[in-house]
Amino acid sequence: MTLATPLALFCQVFLFAALYVSSSYAQEHLVFAHHVVGFTFNYTVDDWTNDIQLAQSKGIDGFALNAGHETWQPGQISNAYTAALNFTDFKLFLSFDMSSFPCQNVSDGDPLRQMINGYAQHPNQVQVDGKMLISTFVGDNCTFGAQSVDQGWLNTVKSNVSATYFIPNFNAPPETMGTFTSIDGIFNWNAAWPESASSAATDVTLFSATNTNITFDPDQRYIDRLGERRYMAGVSPWFFTHYGPPLNKNWIYRADEWLLIQRWQMLVENRDKIAFAQIISWNDYSESHYVGPYEGTPPDGTNWVQGFDHTPWLDLMQYYITAYKTGSYPDVTDDRIFLWGRLYPANMTLDDPIGIPDNWQWTRRGVLHCSGNPVLFI
């Protein structure tokens, strides 16, 4: 076991479980969960059905299907859409992972366009203003053989293809939003965690995490420059990854001060500015922020997530999901306490060939609960 990890153990005290399920499917204020298709190699249609059933029972309206370049992934995307047919009010949309797909040549757009045309008319496809919603993970360096990023995306998802409503996760500075004619909105992935003000305003490619409490400022900078275009906000419980070579991905983002709760409260308070919310993530075990069951095919070396159930976060978020959708917090008729925290002291050092994650000192010691100060320090 890798003991340098700051993963938490869910301890729950149940007095009674109260559920808050939204039964409506409105055009705005929809809540999606980011589902990484790349970790579903062994899924069946039944597995997708179970995920959809669980997500819908917690008020989630649909999945953003993170689609990568592997040749087997279209089969799993088909399974997801097939499973969704059993659910009237649960929708799906494609989120092209442009850290996986090549995107410098004209032909690189072909697999994206094929998927767009394949699901544009599916009854469970998210439609916005009569157009199929699509998104990305990154992609603001993709030209698809054109002279600019904007023209490349226009050629790929807007020309001679089924009508799309394009809300990508571009990390371009907010000031550049007016130069992108290809987009119909923006999905701010990085705003789910505390971010430095300078990075949100000026950094083209990098997210600069910071050891401060989360604010709504990074969201507002994009909202102010979108005009009538729609904004999708990310929300996440935390971020921890612990890979050595060749990935060399070993860091955390600050998640203290009840990040998950504070972030949801911000989305509720600013709901009139936010058309959609996306939970990061349903099943990204590689970054530890999964809120769905531990299943599928996690990446090799992701041993730190084994045995850690995060699904109680779904119950906790259901309260805030309802408030975000309706504008009013539901009545709490029964009490339930959620606790989470690290298994080991913050300063504990053990033999770990990968080493202590970057930013490890940003996390506090203790067990957190959902309505007050840390209740235990070690």
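Can residue 290 be described as of a type outside the set (Gly, Ala, Ser), open to solvent by 30 Å² or more (accessible area, probe 1.4 Å) and without any contact (Cβ under 8 Å) to a residue 24 or more places away in the chain?
Numbers: of a type outside the set (Gly, Ala, Ser): yes; open to solvent by 30 Å² or more (accessible area, probe 1.4 Å): no; without any contact (Cβ under 8 Å) to a residue 24 or more places away in the chain: yes.
Answer is no for this residue.
For region 45-93, enumerate the residues that are assigned to a loop (DSSP other than H, G, I, E, B) and of a type in the set (Ser, Thr, Tyr).
Passing the criteria: 71, 88.
If a residue has to be open to solvent by less than 10 Å² (accessible area, probe 1.4 Å) and touching a strand residue (DSSP E or B) at 6+ places or on another chain (Cβ under 6 Å) to count, how many in region 276-287 make the cut? Explain how you work it out, then say what you get.
To start, the set of residues in region 276-287 that are open to solvent by less than 10 Å² (accessible area, probe 1.4 Å) comprises 276-283, 285.
Next cut, touching a strand residue (DSSP E or B) at 6+ places or on another chain (Cβ under 6 Å) only: 276-283.
Of the residues in that region, 8 qualify.
Could you list, ordered by first residue, the pairs with Cβ atoms under 6 Å in which the first is in region 98-120 and over 12 Å from residue 153 (Cβ atoms) and the second is part of a helix (DSSP H, G or I), at least 6 apart or interchain?
If the second residue must be part of a helix (DSSP H, G or I), the pairs left are 102/108.
Which of the residues belonging to region 91-107 are open to solvent by less than 40 Å² (accessible area, probe 1.4 Å) and either among the polar types (S, T, N, Q) or in contact with a helix residue (DSSP H, G or I) (Cβ under 8 Å, 6 or more places away or on another chain) (or both)?
91, 92, 94, 95, 96, 97, 100, 101, 103
Picking from 336, 263, 254, which residue would you name as being in contact with a Cys (Cβ under 9 Å, 6 or more places away or on another chain) and surrounded by 15 or more Cβ atoms within 10 Å (Cβ to Cβ)? Before the answer, list the steps.
Working: 263 fails: in contact with a Cys (Cβ under 9 Å, 6 or more places away or on another chain); 254 fails: in contact with a Cys (Cβ under 9 Å, 6 or more places away or on another chain).
Selected residue: 336, the only one of 336, 263, 254 that is in contact with a Cys (Cβ under 9 Å, 6 or more places away or on another chain) and surrounded by 15 or more Cβ atoms within 10 Å (Cβ to Cβ).
Please determine whether any residue of region 325-337 is in a helix (DSSP H, G or I) and under 18 Å from residue 282 (Cβ atoms). Give the steps one after another, and end with the answer.
Let us first name the residues in region 325-337 that are in a helix (DSSP H, G or I), namely 325-326.
Add one more test, that the residue is under 18 Å from residue 282 (Cβ atoms), and what stays is none.
No: region 325-337 contains no residue that is in a helix (DSSP H, G or I) and under 18 Å from residue 282 (Cβ atoms).
Conditions first: (1) out of contact with any helix residue (DSSP H, G or I) (no Cβ under 8 Å at 6 or more places or on another chain); (2) surrounded by fewer than 20 Cβ atoms within 10 Å (Cβ to Cβ); (3) within 27 Å of residue 133 (Cα to Cα). Residue 271 passes all but one, so which condition is the exception?
Only one criterion is unmet by residue 271, namely (1).
Within region 230-251, restricting attention to residues that are touching a residue at least 40 places away in the same chain (Cβ under 8 Å) and in a loop (DSSP other than H, G, I, E, B), which residue is surrounded by the fewest Cβ atoms within 10 Å (Cβ to Cβ)?
Within region 230-251, the match that is surrounded by the fewest Cβ atoms within 10 Å (Cβ to Cβ) is 244.
So, in region 124-148, exactly how many residues are within 12 Å of residue 166 (Cβ to Cβ) and part of a strand (DSSP E or B)?
Residues that pass the stated criteria total 7.
Before we move on, is residue 313 part of a loop (DSSP other than H, G, I, E, B) and either at pLDDT 95 or above or buried (at least 24 other Cβ atoms within 10 Å of the Cβ) (or both)? Let's see the steps before the verdict.
Details: part of a loop (DSSP other than H, G, I, E, B): no; either at pLDDT 95 or above or buried (at least 24 other Cβ atoms within 10 Å of the Cβ) (or both): yes.
Against the criterion (part of a loop (DSSP other than H, G, I, E, B) and either at pLDDT 95 or above or buried (at least 24 other Cβ atoms within 10 Å of the Cβ) (or both)), residue 313 does not qualify.
In region 149-190, how many are farther than 26 Å from residue 235 by Cα, open to solvent by less than 50 Å² (accessible area, probe 1.4 Å) and part of a loop (DSSP other than H, G, I, E, B)?
Matching residues across region 149-190 total 3.
Quick one: in region 234-257, of everything that is within 16 Å of the chain's Cα centre (by Cα) and among the aromatic types (Phe, Trp, Tyr), which residue is nearest to residue 209 (Cα to Cα)?
The residue in question is 253.
Every residue in region 293-304 that is crowded, with 18+ Cβ neighbours inside 10 Å and either in contact with a Pro (Cβ under 7 Å, 6 or more places away or on another chain) or not in a loop (DSSP other than H, G, I, E, B) (or both), please.
Correct list: 304 only.
The values are calculated or read from the model by the stated rules, or taken from the named source; none is laboratory data. These numbers come from a predicted model, not from an experiment. All Cβ positions, glycine included, derive from the backbone under ideal geometry; neighbour counts span all protein chains shown. The protein model used for the area step is the full one, side chains on, heavy atoms only, and it has no ligands, DNA or RNA in it. Shrake-Rupley method; radii C 1.70, N 1.55, O 1.52, S 1.80 Å.
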